[in-house]
Structure formats: C-alpha cells, structure tokens
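First comes the structure, then the notes that go with it.
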Amino acid sequence: MRNGLYIVDFHTHIVSQADFESYFAEDCQHAFIKQHGPLVERLLHLSDPHFSDFMRHVSFKFRHELARSVYSFCGHLGLVEAIRIFKSHDFNYLLKSMDAQGIDHAIISSLEPLTVTENLISLIADHKDRFSIFASVHRNQEDPAGYFRQLVDTGAVRGLKLHPLVGGYNCGELLDKTRDVLKVASAHNLPVFIHTGHIPTGALTGLNGCNDARAVEPLLAEFPDINFVLAHIGWESWRTMLKLARKYPKVYVETSWQPSSIIRRAVDTLGSHRVIFGSDFPLFKQGLALRQVEQALTPYELAAVASANAARLLNLPAKKLGKDSVNPVLSL
C-alpha cells in the first residue's frame, strides 16, 4: 500500500527478448542494429537512469508534428532501447518495483502476437492476488471471438486489450475486425483497454497497424455498454480523447505518459471517477507515473484514480483490499 491506499497499476507489460526479436525480425536485421546495436545498448545501460529520465522529460514536453518526425527517424535507436528495457525488466523486476512503490495490484496486458496471453496466465500462476491479465487478439487470429472466449473461460482473464498498431489492425477496419471479440467482452461484462496516441514508428516495419487515436470512436459508439479505457489519454491526442470520453459516459482514460497538468485537465473534464492510474511499465517508471497523479490530485481524487476505479472495473474481491486500506476506496 501507499499512504494507506490499495494501489492498482492498470497498465504494465512483460515481453521476453526472444519475443521482441521475433516480432521485429526484419527490423533487427537493419544495418544500424546489427553493426551498432550491442555498443548502443551498453552505452544506454551505463547512462541509465539519466538517459531514461531525459527521454521521459522529452515525451512530456515535445509532442508536436516535428518532434514526432524526429522520433520516427530514430526508430531503430528506440527499438534497441526497448529491447534493452524488456530484457532487464522481467516479471521479478516488476514485483520488486511494485513492492518499492507500494503498488498492490497490476494489470499485465498481452500484445499478441508480440506476447501470448496463455504465457502470461502461466507467469502469474503463483501471484494471482497481485495481478490480472488482459487478453489480446491479433488481426489474423483464426476465429478471433472463439479464441478470446476460450481465454475468458479459463477464469484468469479480466479484460481485453486492443493495440491497433501492434495487433495489425488498419484504421478503417478496426470495428469490423473486432466486433465479434467485443461482443464476447460485452457478454462477460469485461472492460476493454485500448491503446490511443500516435507512436512514431515510420522507420520500423514491425509496426504497421492503425496509429490514429480517432479510429476508436466507432467502437465506443456501437458498444455503449462496455467500459472502455483509453490508454495514455491519447498522448499527443489528449484533447481528442477527452472530447470523446465526454461524449460516451462509460469511457475512462488512463494516465501513463501524461504529466500532472494533463491528468489535472482530465479529472476536471471527466471527474475523478473516470480517470485511472497506469504506468506502462517497463517503458515508463512506476514511481514517476505515480508522482504525476499524486501531484495532480487531491487525496480524495487520488483514492479514486489510483485505486477505486480500477478495483471496480476489475471486480476485485473486497477481501483483497486488506483491513488497513482506506474505506472509501471501493465505494467511490
């Protein structure tokens, strides 16, 4: 716990180096990575945490079109850094980070085909009290609804993660390709967590799906009964995401990669009951992400954003909150 609150991190990932290198197989053969990747990785490791802190500062401050073009141009450098991070930040590291930051529960989202849901279910088998799994479905999955239903039937899946870019979904087909899977989520009253925000990946071939935050609106319109959570509050598209959330009352926004000023805007726009704390571990540090929400919110608002809202969507048993947690957490 952190200051008496049962903290839930709505946004974490675990990806093995083998999965990463397999998914980005063509990119990993790029001349820059083959010739300079090992040296760059060592330099980045030696400069950590200063380099990581610098990059997160840049992500907070520079999101305009020119900045995104620069990020895109440096895509292979970013891939080396991502591989380095996921190599060193495994499941045990996540547990240590949660203990250090007072985080009690975390959602680990799969990103098929990059990470397989069944592998994550096995990974948390001995830690079910601390983790929930959100399953994902790739665009080319045979019988996607049947595949997702099978995962839900295991009892280990608490939601659906859609990442249009990683999942290979084109913007215009997103609703048609996910409709049957969303029907399963709706039937089981499962929340749906959707990546939103432009990821500058022009230099990479491994990411070729939809990168336009506005493409999610048809899903929100057709399934008004589903609790949708929009990741990153859209990053650079946060104004668009807040406007969408105001239009659809069962839409939440998640705080990762946003500074305290934008988190404050989200709570002022939607109310604290529709904003959810997430870190995007390991790409973003849990401690830094927590500090952003703590700086932005009053104690009562923090209880909703960092605890109550996620606990309600996940339907966490009250006994998991423990006798020392703040009473209003599940009643907000």
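The values are calculated or read from the model by the stated rules, or taken from the named source; none is laboratory data. What you see is a predicted model, and the numbers here were worked out from it, not measured in a lab. With ideal geometry, Cβ positions are generated from the backbone for all residues, glycine too; neighbour counts draw on all protein chains shown.
If I filter region 119-173 down to residues being of a type in the set (S, T, N, Q), touching a helix residue (DSSP H, G or I) at 6+ places or on another chain (Cβ under 7 Å) and within 24 Å of F91 (Cα to Cα), which single residue comes out as surrounded by the most Cβ atoms within 10 Å (Cβ to Cβ)? Among those residues, the one meeting the criterion is S136. Screening the candidates R130, R158 for the property of being in contact (Cβ under 8 Å) with a residue 60 or more places away in the chain, closer than 25 Å to F86 by Cβ and under 19 Å from the mean Cα position of the chain (by Cα) yields one hit, R158.
Checked across region 97-106, the condition of being part of a strand (DSSP E or B), of a type in the set (S, T, N, Q), buried (at least 16 other Cβ atoms within 10 Å of the Cβ) and at negative phi holds for no residue. Out of the residues in region 82-96 meeting the condition of being under 19 Å from H30 (Cα atoms) and either aliphatic (A, V, I, L, M) or not in a helix (DSSP H, G or I) (or both), tell me which one is farthest from the chain's Cα centre (by Cα). By that ranking, first place goes to I83.
Kindly evaluate Y23 against the criterion of being assigned by TED's automatic domain parsing to the domain that holds G206 and among the aromatic types (F, W, Y). Spelling it out, it is not the case that Y23 is assigned by TED's automatic domain parsing to the domain that holds G206 and among the aromatic types (F, W, Y). Scanning region 248-267 for any residue that is of a type in the set (G, A, S), closer than 28 Å to H57 by Cβ, buried (at least 22 other Cβ atoms within 10 Å of the Cβ) and under 16 Å from the mean Cα position of the chain (by Cα) turns up at least one such residue.
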